[in-house]
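Novice: Got a structure here, written out as structure tokens. Questions coming.
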Amino acid sequence: MTLRLTNTLTRRTEEFRPLEPGKVSIYCCGVTVYDLCHLGHARSYIAWDVLRRYLIWSGYAVTFVQNYTDIDDKILRRAAEENSSMEAVSERNIEAFMADMARLNILPADRMPRATQSLEAIRALIGELEARGAAYSADGDVYFAVLKHAGYGKLSGRDLAEQQQNADGRVTDAEEARKQHPFDFALWKGAKPGEPSFPSPWGAGRPGWHIECSAMVRAELGDTIDIHLGGADLIFPHHENEIAQSEAATGRELARYWLHNGMVNVGGQKMSKSLGNFTTIRALLDSGVSPMTLRLFVLQAHYRKPLDFTAEALEAAATGWKGLNAALGLAEAIGAASGDDPHPRDAAGLSPELVAARQRFAAAMDDDLNTSAALAVLFELVKPLRSLANRLERGDAAAAEAASSPLLASQGRLLLELAGVLGLQPEAAPVAGTTHSNGPCDQTIQDRIEARQTAKASRDFATADHIRAELQAQGIELIDKPGGLTEWRRV
RNA sequence: GGCGGCAUGGCCAAGUGGUAAGGCAGAGGAUUGCAAAUCCUUUACCCCCAGUUCGAAUCUGGGUGCCGCCUCCA
């Protein structure tokens, strides 16, 4: 079985065949760095991270390029608000982006070009388009002429003639008046007084949004790439325009597969800055939601479908992750004890059942990255491991023996392998006995626990329960373990 | 108005012709002084109507509801 992906360009789910066998070139539309990333970005980049990891796991050599849009009106506005510079705003948000992605265990792209560092390629591309008659300048701006490009609208399914009719009733401002067609878009914008600008044959100014991607794709990966990624909200006009620019200039197909992820919704509506219904990645993670919980939450739904963000669904993911994490932790422990490769990459040494599970996982992923079905395979592997973990905790002698069984070890190995493909990595549980700035100190807690042990020993359960309630109120949870031991942790 | 997508149990979500994966929550049981955790068992005929078929959640047609894009947006 081979990987099948839903291609926006053909509106079909088709078999993935890279241009060059064994190699895949990917371009992922990155962020405009005027602010922190929100959950919409998280969803998108987690999905594409999984695509990338799966391709690598499948044996492909993947080159993954993701850009930073660091020239933009919104960045300028933000800089003006802060009485700072475009560079400063960009720099700060790029750092925040990298930190957020790292927390979510999203692999950094192989190369991350920036618009400000790609001006030469951008100017060259505009020049080519002009030479080919696909662009025209007007009052210091340069526009792409959509009517000159046969095939404009092929990605988003738009018909220019029809759209022109629909646009007739639209308000025409000064810029609209300069355009030959309402869909024409700026390749180069002439600088307004006081704005940062860059020199060009058309005068000082800055590149339009769409052209930077066309230029960076070409500079980094060539005329035709295998896969182009982005959110569904980029299909039109951004990706449509990218295709028009690139293909008008090179005469070659820009990307063979266009993949788009569905939006994150809040209360049935798209999460967006303008609606003000967004949650930033760092706000969510800082509120105590673990990165892997967010990752599991995202991967439980198919990447192309809308994903409704609710506290309840997130809670469910958190509980689900807790169980999965426990199994991963045990699998790691068993693996370490047996001296196994902690990052297995093949099916060697697996029982027929486990080989079948591995195949079910691959089949699910091959089916347009059906992570939901793939996770079901993971949870099947989780069950026996969790069961064993529990028996070990109870000091079950038979369990200790089972823990050293090769079958269980290979089961754990497989679980770690497959979880790794989804970018799910074990997280350390909250450490018992950690000293904290607020709440009672460790010694006090120990004393209370001992007092409770004494009460329990004399079957004075009223006192014992009282002590537990008391500590609970201070944010300390007590858990009685077999053998009379009591553990505690801050909640 | 144009283009695209979605509608599956209390919640989330797979399944795209042969009698409904998985997670969460719930219920019953086991264990526990209690609690937590854990383990076992258990809960759906798939928005509506019509049609195709031996057989449809799955295909066709018609409804209804919801969402995205058409302006910056992952």
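The values are calculated or read from the model by the stated rules, or taken from the named source; none is laboratory data. Keep in mind the model is a prediction, meaning the values are calculated, not measured. Positions of Cβ are backbone-derived with ideal geometry, glycine not excepted, and every protein chain shown enters the neighbour counts. We work out accessible area using only protein heavy atoms, side chains counted, and drop any ligands, DNA or RNA first. Shrake-Rupley method; radii C 1.70, N 1.55, O 1.52, S 1.80 Å.
Novice: So in the range A:1-94, what percent of DSSP beta bridges are antiparallel if you round to the nearest 5?
Specialist: 35
Novice: Same structure, new question: Return one number: the angle in degrees, 0 to 90 and rounded to the nearest 10, between the long axis of the Cα atoms of helix A:461-473 and the longest principal axis of the Cα atoms of chain A.
Specialist: 20
Novice: Calculate what fraction, in whole %, of the accessible area of chain A sits on carbon and sulfur atoms when a 1.4 Å probe is rolled over the protein chains.
Specialist: Carbon and sulfur atoms account for 51 percent of the accessible area of chain A.
Novice: Measuring from label point to label point, each 7 Å out along Cα→Cβ, what is the A:Ala336 to A:Arg360 span in nm?
Specialist: Result: 3.0 nm between the two label points.
Novice: Against the longest principal axis of chain A, how steep is helix A:371-393, in degrees 0 to 90 to the nearest 10, with axes from Cα atoms?
Specialist: 20
Novice: Please give the helix A:119-131 orientation as an angle from the longest Cα principal axis of chain A, in degrees from 0 to 90, rounded to the nearest 10.
Specialist: That works out to roughly 40 degrees.
Novice: Nearest 5 is fine: what % of DSSP beta bridges in chain A come out antiparallel, could you say?
Specialist: Given both bridge residues lie in chain A, the antiparallel proportion sits at roughly 50 percent.
Novice: Also, I was wondering about something else. With a probe of 1.4 Å, find how much accessible area the range A:4-270 has per residue, and write the answer as a whole number in Å².
Specialist: 42
Novice: Separate question: Need the full-extension length gain, A:Lys322 to A:Ala348, defined as separation in residues times 0.36 nm minus the C-alpha distance. One decimal, nm.
Specialist: Result: 6.5 nm gained on full extension.
Novice: Then there's this: For the range A:4-270, I need the span (max minus min coordinate) of the C-alpha atoms along each principal axis, in Å, sorted largest to smallest.
Specialist: Projected onto the principal axes, the Cα atoms of the range A:4-270 cover 52, 45, 41 Å.
Novice: Also: Above 28 angstrom, tally the Cα pairs of chain A and express them as a % of all pairs, no decimals.
Specialist: Every Cα pair in chain A considered, those over 28 Å come to 62 percent.
Novice: Now a separate question. Taking 0.36 nm per residue of sequence separation and subtracting the Cα-Cα distance, how much length would be gained by fully extending the chain between A:Ser272 and A:Arg386, in nm to one decimal?
Specialist: Full extension of this stretch gives 37.1 nm more.
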